[in-house]
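Enquirer: Right, I'll just put the structure down here and ask away after.
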């Protein structure tokens, strides 16, 4: 019978130390998580299956979807993972689709940065690939300082200093341009390189 009070006394003394050890382990460096920035910065909000739509007088301009998003209110920033953005033309029809490993959206301007296996494919089949690109929402302009590859009807353009509309109808390379132009049957018509 004296065994139970001794056990209670031992448990009563050990329990606060056990809780303290668990709390200390939870606050250990390296266990904190953050989508961006310093390891100490925690998001204000985290969401799965995130959707954000930009409209102009009720007409959709683009819709972003991601499997995960984190909001950082102090920086007016949303960080998203596994991103897909559908761009729409003036008739509300989907004109192109962008996919990327991750993206950042400035909440005040709706400007975006996409990183990691960035692919933009238009409804006509033109395809742009790069590792990073930026989208200016007010200018409706895509830019990249990284190497960009554009494929259209078998022809290929590669270069640096890229800018375009989201539909890839009008685009420009600034430097290091390689072009391979093919005929409809696939024969190489011309290959050019511009420094």
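Enquirer: Residue under question is residue 86, and the condition is that it be assigned to a loop (DSSP other than H, G, I, E, B) and either more than 24 Å from residue 41 (Cα to Cα) or out of contact with any helix residue (DSSP H, G or I) (no Cβ under 8 Å at 6 or more places or on another chain) (or both); does it hold?
Expert: Against the criterion (assigned to a loop (DSSP other than H, G, I, E, B) and either more than 24 Å from residue 41 (Cα to Cα) or out of contact with any helix residue (DSSP H, G or I) (no Cβ under 8 Å at 6 or more places or on another chain) (or both)), residue 86 does not qualify.
Enquirer: Out of all the residues in the stretch 62-78, which are under 17 Å from residue 138 (Cβ atoms), part of a strand (DSSP E or B) and free of Cβ contacts under 8 Å to residues at least 60 places away in the same chain?
Expert: The one that is under 17 Å from residue 138 (Cβ atoms), part of a strand (DSSP E or B) and free of Cβ contacts under 8 Å to residues at least 60 places away in the same chain: 64.
Enquirer: Can you say whether residue 12 is at pLDDT below 95, farther than 25 Å from residue 124 by Cα and over 23 Å from the mean Cα position of the chain (by Cα), as far as the supplied structure shows?
Expert: Yes.
Enquirer: Given the criteria closer than 19 Å to residue 136 by Cβ and out of contact with any helix residue (DSSP H, G or I) (no Cβ under 7 Å at 6 or more places or on another chain), does residue 81 qualify?
Expert: In short, no.
Enquirer: Could you say whether any residue in the stretch 77-86 is within 16 Å of residue 165 (Cβ to Cβ), in contact with a strand residue (DSSP E or B) (Cβ under 7 Å, 6 or more places away or on another chain) and in the same structural domain as residue 153 (by TED's automatic domain parsing)?
Expert: There is at least one residue in the stretch 77-86 that is within 16 Å of residue 165 (Cβ to Cβ), in contact with a strand residue (DSSP E or B) (Cβ under 7 Å, 6 or more places away or on another chain) and in the same structural domain as residue 153 (by TED's automatic domain parsing).
Enquirer: Another question, if that's okay. Does residue 168 satisfy the criteria of being in the same structural domain as residue 93 (by TED's automatic domain parsing) and in a strand (DSSP E or B)?
Expert: Judged against the criteria, residue 168 is not a match.
Enquirer: Here's another thing I want to ask about it. Of the residues 154, 161, which is at positive phi, surrounded by fewer than 18 Cβ atoms within 10 Å (Cβ to Cβ) and more than 23 Å from the chain's Cα centre (by Cα)?
Expert: 154
Enquirer: For the stretch 94-102, check the following and say yes or no: at least one residue is at pLDDT 95 or above and either touching a helix residue (DSSP H, G or I) at 6+ places or on another chain (Cβ under 7 Å) or assigned to a loop (DSSP other than H, G, I, E, B) (or both).
Expert: Within the stretch 94-102, none of the residues are at pLDDT 95 or above and either touching a helix residue (DSSP H, G or I) at 6+ places or on another chain (Cβ under 7 Å) or assigned to a loop (DSSP other than H, G, I, E, B) (or both).
Enquirer: Oh, and also: Looking only at the stretch 171-195, count every residue that is at pLDDT 90 or above, in contact with a strand residue (DSSP E or B) (Cβ under 6 Å, 6 or more places away or on another chain) and outside any strand (DSSP E or B) and tell me the total.
Expert: Selection size over the stretch 171-195: 1.
The values are calculated or read from the model by the stated rules, or taken from the named source; none is laboratory data. These numbers were taken from a predicted model, which means no experiment stands behind them. Note: ideal-geometry Cβ built from the backbone for every residue, glycine included; neighbour counts use all protein chains shown.
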